[in-house]
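A.B. asks: Questions regarding the structure given below will be posed in turn.
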Amino acid sequence: MAIQDITKYSFKETFSVSIVQFEKACTIDHSVQQNAYSIYWIQEGKGTYNIDFEQYTFEDNVLFFLSPGQVFTVDSEQIKTAYKLSFVRDFYCIQTHDAEVACNGILFNNVYETPFIKPCAKDTAKLNFILESLIEEFQQDETAQYDMLQSYLKQFIISSVRVKKENHVIKEDIETRLFKDFSLLVEQNFRSMHAVTDYANRLGISPKSISKHFQKLGAKTPSDFIKNRILLEAKRQLIYTDKTVKEIAFELGFNDPAYFTRFFTKAILKSPLQFKKEH
């Protein structure tokens, strides 16, 4: 987002809504790592964003969702009207809510799917109403403001989940459930567990069966899936921390930093230090 022409409402540095209203092309030539949960709603505008080193192009009325730790870069944008809702875990801990409202694998905490949704006219009107109520509440100084703000945020998230479910067929067959279970286990353990066999044992299924399920979904192999998650974290650590390659290697479960360097270089075609230097 360009830094000019932005109106921002905040609540105790835990929750904020920013309104962007201008028409200007801009670019940000560096990546920003998210330190909060963010919802971007581009009502009018177009652009190309990079999220976790994947490129996405959008045009008009699109929402996308970022979690802490994700890497966000603006390649290009021309925005007329946009909103950004940003909150920290202490304000609205999405992990403690119902699985869908918490957006586990539907909106937030999902590095494996396209992070965009496009609401229809009816959904847009509903989201607009919630947003207007939210901004109005920010401008008041009434009793129990925290509860009201949290309630409106929850309504906005629930409505967004419903849009996602309406527009994207969310299957609940065996393959999809297994994929979700596998991806959640990887998210929780990729720093210490690198072998498909370890995950298969946790899931009570053979490695061969996991591979067959992935094949039916047209997904990457389980091994590549684990490898890509490790590489994503390695990229994040290289760019956004001052840790040495050796420290990152140990943190990601590699006992031999030289092996980690070979692993990274083979996949990215650049050494960890080259990658860090270029970003």
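A.B. asks: Looking at (1) assigned to a loop (DSSP other than H, G, I, E, B); (2) over 28 Å from residue 179 (Cβ atoms); (3) within 22 Å of the chain's Cα centre (by Cα), which one does residue 270 not meet, given that it meets all the others?
C.D. replies: All conditions pass for residue 270, except number (3).
A.B. asks: If you don't mind, another one. For the range 127-176, enumerate the residues that are farther than 24 Å from residue 44 by Cα, at pLDDT 90 or above and of a type in the set (Ser, Thr, Tyr).
C.D. replies: 151
Per-residue answers, yes or no, for (1) out of contact with any helix residue (DSSP H, G or I) (no Cβ under 7 Å at 6 or more places or on another chain); (2) at pLDDT below 85; (3) surrounded by 14 or more Cβ atoms within 10 Å (Cβ to Cβ):
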{"position": "32", "(1), (2), (3)": "yes, yes, yes"}
{"position": "45", "(1), (2), (3)": "yes, no, yes"}
{"position": "49", "(1), (2), (3)": "yes, no, yes"}
{"position": "53", "(1), (2), (3)": "no, yes, yes"}
{"position": "60", "(1), (2), (3)": "yes, no, no"}
{"position": "64", "(1), (2), (3)": "yes, no, yes"}
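A.B. asks: Another one. With the structure loaded, tell me whether residue 205 is within 25 Å of the chain's Cα centre (by Cα) and surrounded by 15 or more Cβ atoms within 10 Å (Cβ to Cβ) or whether it fails that test.
C.D. replies: no
A.B. asks: Is it true that some residue in the range 208-220 is more than 22 Å from the chain's Cα centre (by Cα), aliphatic (A, V, I, L, M) and under 30 Å from residue 12 (Cα atoms)?
C.D. replies: Checking the range 208-220: not a single residue is more than 22 Å from the chain's Cα centre (by Cα), aliphatic (A, V, I, L, M) and under 30 Å from residue 12 (Cα atoms).
A.B. asks: Follow-up. Does residue 148 satisfy the condition of being touching a residue at least 60 places away in the same chain (Cβ under 8 Å) and of a type outside the set (S, T, N, Q)?
C.D. replies: Considered against the rule, which asks whether it is touching a residue at least 60 places away in the same chain (Cβ under 8 Å) and of a type outside the set (S, T, N, Q), residue 148 comes out as no.
A.B. asks: Can you spot a residue in the range 214-232 that is in a loop (DSSP other than H, G, I, E, B), at pLDDT 85 or above and farther than 30 Å from residue 61 by Cβ?
C.D. replies: The answer is yes, given that some residue of the range 214-232 is in a loop (DSSP other than H, G, I, E, B), at pLDDT 85 or above and farther than 30 Å from residue 61 by Cβ.
A.B. asks: Hey, another quick one. Every residue in the range 177-197 that is assigned to a helix (DSSP H, G or I), over 16 Å from residue 219 (Cβ atoms) and at pLDDT 90 or above, please.
C.D. replies: Scanning the range 177-197 gives 189, 197.
A.B. asks: Only one of these is modelled with pLDDT under 80 and over 16 Å from the mean Cα position of the chain (by Cα): 96, 124. Name it.
C.D. replies: Of 96, 124, the one residue that is modelled with pLDDT under 80 and over 16 Å from the mean Cα position of the chain (by Cα) is 96.
A.B. asks: To continue, here is another question. When both residues are 6+ apart or on different chains and their Cβ atoms are under 9 Å apart, which pairs have a first residue that lies in the range 41-63 and is more than 20 Å from residue 20 (Cα to Cα), and a second that is basic (Lys, Arg) and surrounded by 18 or more Cβ atoms within 10 Å (Cβ to Cβ)?
C.D. replies: 52/235; 52/236; 53/235
A.B. asks: Out of all the residues in the range 198-213, which are free of Cβ contacts under 8 Å to residues at least 24 places away in the same chain and assigned to a helix (DSSP H, G or I)?
C.D. replies: 198, 200, 201, 202, 207, 208, 209, 211, 212 - these are the residues of the range 198-213 that are free of Cβ contacts under 8 Å to residues at least 24 places away in the same chain and assigned to a helix (DSSP H, G or I).
The values are calculated or read from the model by the stated rules, or taken from the named source; none is laboratory data. Everything numeric here is computed off the predicted structure, so don't read it as measured data. Cβ atoms come from the backbone with ideal geometry, glycine included; neighbour counts cover every protein chain shown.
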